[in-house]
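Have a look at the structure below before the remarks.
The values are calculated or read from the model by the stated rules, or taken from the named source; none is laboratory data. Quantities reported herein were computed from a predicted structural model and do not represent experimental measurements. Virtual Cβ from ideal backbone geometry, glycine too; neighbours counted across all protein chains shown.
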Amino acid sequence: MKKYIQVIGIWFLIIPLAILNGGLRENVLTKLGAIALPLSGIILSVCIFLISYLLIPKIKNCKSKDYIIFGIIWFILTNLFDLFMYISEGKNFYNLLNSYNFTNGNLWILVVITTLISPIIVSKINKSKGGEK
C-alpha cells in the first residue's frame, strides 16, 4: 500500500509542472504561433517522463504489475483532474473530449498516454540496466 501512496505523491508533483507549462504556453510559446499548443504538450510529456525516471525507481519492492498499476493510477488521476478543471471553468464534457483531438494541434492525448506508460517504460529501462530484479 505504501508504494501506491508514494506514486500518488509523485503524481502530485506533476500538477505544478502542468500549471507552469500552461503559463509558459500562454505567456511565451503563443508568440510562436500555431506551434505553441503542440510544443506545450511535448514539453509537459517530457517533464512527466523525467519525473518518472527520477522518482519511480525510488519506490522499493515493486513487481512488474506494480508499474502497470502506477500508470493506471496516474492515467485516472490525470483525467479526473482535467475533468475537474473543465467543470470548474464552466466547460462541459464535450470541451474535455475536444482536448483529445490532436488534429487541432492539441497533444493532450500524448500527455495522458505519457502518464500511463512512463512508469512502465522506466521499469523496463531500470531492468535493462540491472536496477530491478
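A few notes on this one:
- Among residues that are farther than 18 Å from Gly41 by Cβ, at pLDDT 90 or above and either in a loop (DSSP other than H, G, I, E, B) or over 18 Å from the mean Cα position of the chain (by Cα) (or both), Lys127 is not included.
- Annotation: of all residues in the stretch 39-50 being of a type in the set (Val, Ile, Thr) and touching a residue at least 60 places away in the same chain (Cβ under 8 Å), the one that is surrounded by the fewest Cβ atoms within 10 Å (Cβ to Cβ) is Ile42.
- Of all residues in the stretch 41-92, those that are of a type in the set (Asp, Glu) and in a helix (DSSP H, G or I) total 2.
For every residue, the table says whether it meets (1) more than 22 Å from Asn126 (Cα to Cα); (2) in contact (Cβ under 8 Å) with a residue 60 or more places away in the chain; (3) surrounded by 12 or more Cβ atoms within 10 Å (Cβ to Cβ).
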residue	(1), (2), (3)
Ile14	no, yes, yes
Ile19	yes, no, no
Gly33	yes, no, no
Leu37	yes, yes, yes
Asp66	no, yes, yes
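- Selection status of Asn106, in a loop (DSSP other than H, G, I, E, B), under 18 Å from the mean Cα position of the chain (by Cα) and either of a type outside the set (Gly, Ala, Ser) or surrounded by 12 or more Cβ atoms within 10 Å (Cβ to Cβ) (or both): yes
- Looking only at the stretch 70-92, and only at residues there that are surrounded by fewer than 17 Cβ atoms within 10 Å (Cβ to Cβ), among the aliphatic types (A, V, I, L, M) and touching a residue at least 12 places away in the same chain (Cβ under 8 Å), the one that is farthest from Leu110 (Cα to Cα): Leu83
- Filtered residues of the stretch 19-40 (kept if assigned to a helix (DSSP H, G or I), more than 18 Å from the chain's Cα centre (by Cα) and among the β-branched types (Val, Ile, Thr)): Thr30, Ile35
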